[in-house]
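What follows is a single structure, written as structure tokens, with notes after it.
The values are calculated or read from the model by the stated rules, or taken from the named source; none is laboratory data. Please read all numbers here as calculations on a predicted model, not as lab measurements. Here the Cβ is made from the backbone with ideal geometry for all residues, glycine too, and neighbour counts use every protein chain on show. Ligands, DNA and RNA are stripped out before the accessible areas are found, and what is left, the full protein with its side chains, is counted by its heavy atoms. Shrake-Rupley method; radii C 1.70, N 1.55, O 1.52, S 1.80 Å.
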Amino acid sequence: MKKRLVSKLLALTLAVSMLGSLAACGNSSSSGGDTTDKSQESAAKEEDAGSASEADAGAGEEETDTGTDTAAAPAFEERVALDVVAFVSDGEADGLRTDPVSKYIEDSLNIDLYLTHVTEADWPTQLSAMMADNDLPDIFMLSDPTKQLPMLLEANSVLNLSPYLEQYAPNTTSDPAGELMIAANTTTANSPDGNLYLWGMCKGSWDDGTIPTCGHYVRWDLYKEAGYPKLENFDEDMLDVMQAMVDLEPETADGQKTYGIGSWFGNGQDWGEWFFIYGMAPQEGASLIETTGLTLAISTVDSTPINSNQLTDPDGYFWRAVKFMNKANQRGLLDPDSFTQQSDVYEENLKAGKYMFNYPGWMTSNANAEFNKTEGNLKTFISIPAVGVDSEDRFGNMYRGERQYVVSAATENPERCVALLDFVSTHDFSRIAWNGLEGNFWNVEDGKAVPTDEYLTVTKDNALGVETGVNVYHHFCGYGNGTIDPEDGVAIDLYQFSQKALDTKMNDTVKDFCEHYGQASQADVYRAETKNTTAMNFISFGEPEGDMSSYVNELKAYRGKNVFNCVAAKTDEEFEAARDKMIEEMKANYHVDEIFEYFYNEALAQADTVEQLAAMQNAIK
């Protein structure tokens, strides 16, 4: 039946592609997915085991001898098969994987791991079909837990994990960050009864502060050549900085016209609006909450709601970001293809050197990697410190986990499912997930993980993943790659964030950035220049009650359809008229004020929970 699940998902994927692709943000959603059945061979083994349950077989815990210093795992005598649908690499066909990390997991937990790769774009449709057939995998991602978890609970399709934690999740329950994840996912917003249903993966941070997921990145080589133009007010000064850089490099190496900035409005609602959501607020210590239709912003300095409706306040984060794009468009600094191109084309343009400014961190990494293929390269995007404010979301804190997973209530092996979730949730496994097994691309020297010279020169692609297991489990492991392992003080991802890797990337452009601010490293610059750099947002929302969910969806659809017209306005007067018309329309017909009040009051009601979670976070080493 394991093969049958793969075949069904393939058929569903083909059906989805025929209906049309669904847009989704590949790195920004903090969500995750759903359930399965068993192979005949596994069922026969279970039957032969007679009355010996998994609880009996796994009663004792022991350190698994795997040749690497890793997490404790309960001992299981009987080998079973598990279906896992997760956001993992697609370098191999779905089913049993051959890479060494997959084999390491299987040997450690005595399982046959049937792994299915899904994305946030195609999984919701597949999940709905599988729920209708009552045919869910053992463990699966929720791409939108706010909506999907209530549906699963109503159908009695998801397992309560709480009874299994003490015996089968020793690593997570003894890890302060694991305890925080459990506490957060059992709050009223994330659980109807205080039990644990959601298991958060990718806790911590995606970067070491040098490549924030949402940043303001400039071509520092050109900024330096322009004489470090004034940057005191982002909304105005950054446009002048862009112009100065374009003037210095009006064409790419292959003759394309350059622009100050580009975007992917062609992706439409939500993903196409990424700059409006993440291009202003995080860099000033706030977070626009998508669940609220973007009406509500939370201060990430103290995790309190901001008493201003972001969709009706012309000076709020949302409209400031829209106005910034409009100003860039009026000045000819916005690539006109932004209105039609999608994110994949945008990223290729970025890597070609077409833009002087960028905002998604992962795209910055890819662009810099492309630039560095040229020997002696100085062309480099660098994230600048917060401009004109004293707070920014520089050092991430994904305390719930950026991806959420659940276990099917119909699984025949609940103990093994929880043991698997626990096993991959450790710092040790996370390091293996991002770098492969110890002894290949990295070793421990003087108590610290150190990458090999060879590792820092390889190209991370699917072929490398199949051969070594590197990056196969990038969104099915406990910690984001920028998280610091408390045991050795080294970031999880040795390829990007180890000191050796940082030294390798320290070209003359990066050195100049540090010298310009009088600091020894990039991270030191950000801490010295900005008072508050760590994100602290402990507010979360469940599915709204009554008509509120429909109100939010209708508001989002209206916003996503009309906001790009504001960017296209040819004058300030046209922009203000288009903006004001949208605000009036949202007030009159889309319940925008009612939505804001609902979520603002919901946020205020979470004060005690916020205090509890903040205390747990502050206690973590």
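A Cβ-based charge dipole, computed about the Cα centre of segment 265-377 with Lys and Arg at +1 and Asp and Glu at -1, lands at about 320 debye. The candidates Lys379, Lys581, arranged from most to least accessible area with a 1.4 Å probe in the full protein assembly, appear as Lys581, Lys379.
Taking all protein chains as shown and a probe of 1.4 angstrom, Lys147 keeps an accessible surface of around 80 Å².
Only the Cβ atoms of Lys and Arg (+1) and of Asp and Glu (-1) were treated as charged; on that basis the dipole of the chain about its Cα centre amounts to roughly 1400 debye. Accessible surface comparison of Thr116, Thr609, probe 1.4 Å, protein chains only, largest first: the order is Thr609, Thr116. Computed log10 I(q)/I(0) for segment 498-565 at 0.17, 0.20 Å⁻¹: -0.74, -0.85, from the Debye equation with unit scatterers placed on every C-alpha and solvent omitted. For segment 181-197, 3J(HN,Hα) computed residue by residue from phi via the Karplus equation (6.51, -1.76, 1.60; θ = phi - 60°) reads 4, 5, 4, 5, 7, 10, 6, 4, 5, 10, 7, x, 9, x, 8, 8, 10 Hz, glycine and proline entered as x.
The 1.4 Å probe gives accessible areas that order Met616, Met245, largest first, as Met616, Met245. Taking label points 7 Å from Cα along the Cα-to-Cβ direction, Thr98 and Glu611 give a separation of 5.8 nm.
Count Lys and Arg as plus one, Asp and Glu as minus one, and take only other residues whose Cβ is under 15 Å from that of Lys224; the net charge is then -3.
Rolling a 1.4 Å probe across all protein chains gives Ile277 an accessible area of roughly 0 Å². Distance between the pseudo-spin-label points of Asp302 and Ala155 (7 Å out from Cα toward the beta carbon): 4.4 nm. Mean residue ellipticity, 222 nm, helices only, the chain: the sum of -39500 (n - 2.57) across DSSP H runs of n ≥ 4, divided by residue count and rounded to 500, is -12000 deg cm²/dmol. Normalised by the number of residues in the chain, the mean separation of alpha-carbon contacts (under 8 Å, six or more apart) gives a relative contact order of 21 percent. The heavy atoms of Tyr558 offer some 30 square angstrom of accessible surface to a 1.4 angstrom probe.
Evaluating 6.51 cos²θ - 1.76 cosθ + 1.60 at θ = phi - 60° for every residue in segment 326-332, the Karplus couplings come out as 5, 4, 4, 5, 4, 8, x Hz, glycine and proline recorded as x. Axis angle, to the nearest 10 degrees, between helix 145-154 and the longest C-alpha principal axis of the chain: 30 degrees. Heavy atoms of the protein chains alone define the surface here; on that basis segment 161-318 has 31 Å² accessible area per residue at 1.4 Å probe size.
For the chain, pairs of C-alpha atoms spaced more than 44 angstrom apart make up 18 percent of the total.
Separation of the alpha carbons by more than 24 angstrom is noted, of Lys224/Lys505; Lys203/Lys224; Lys203/Lys556, for Lys203/Lys224; Lys203/Lys556.
Electrostatic bookkeeping for Ala321 treats Lys and Arg as +1 and Asp and Glu as -1; over the other residues with beta carbon under 13 Å from its beta carbon, the sum is 0. Surface composition of segment 445-507: carbon plus sulfur atoms hold 50% of the accessible area, using a 1.4 angstrom probe and ignoring ligands, DNA and RNA.
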